[in-house]
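Have a look at the structure below before the remarks.
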Amino acid sequence: MSQSQPSSSPSTSTSSSVSSSHTSSSQTTSTLIMTEDERKEALTKCILSQYRYCAGGVVAGATYTVLKRSTVKPGPWPMLAGGFVGTLGDFVYGYFVECAHLRESDKIFEVKDDIGGR
């Protein structure tokens, strides 16, 4: 009679979970070791990658033009205005929310103790 031995194979699921947790921790530490120029470049790329409000403004402008075409002459101006306002919204949202980890907010709000010669 022969007995079959269970084959032991290495588990690959643990290595993938370890690598995903390492990626998130290395992402937070990568902003700490960036030079000033690298940080500014990353902040610029992050801010310029925002598009949601611009697209929403163009869609809202197009909707306005279609719905009000009986009273307003159809043209590109509502879409352009919506896109412009949306782009400004993207810059503000990107700077203060999406890309906040890349800017040095503590230098902006730094309180100095030596005010008044103390």
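Side notes on the structure shown:
- A residue that is modelled with pLDDT under 85 and either out of contact with any Ser or Thr (no Cβ under 6 Å at 6 or more places or on another chain) or exposed (fewer than 10 other Cβ atoms within 10 Å of the Cβ) (or both) can be found somewhere in the range 49-70.
- When the range 83-114 is filtered for residues that are assigned to a helix (DSSP H, G or I) and modelled with pLDDT under 60, the ones remaining, listed by number, are Ser105, Asp106, Lys107, Ile108.
- The set of residues from the range 55-96 being polar (S, T, N, Q) and under 23 Å from the mean Cα position of the chain (by Cα) comprises just one member, Thr87.
- Flag if Leu80 is modelled with pLDDT of 85 or more and within 26 Å of Cys46 (Cβ to Cβ): yes
- Hits in the range 30-70 - residues which are farther than 18 Å from Gly83 by Cα, touching a residue at least 24 places away in the same chain (Cβ under 8 Å) and in a helix (DSSP H, G or I): Arg39, Ala42, Leu43, Cys46
The values are calculated or read from the model by the stated rules, or taken from the named source; none is laboratory data. Quick caveat, the model's predicted, so the values are computed rather than measured. Every residue, glycine as well, gets a Cβ built from its backbone with ideal geometry; the counts of neighbours run over all protein chains shown.
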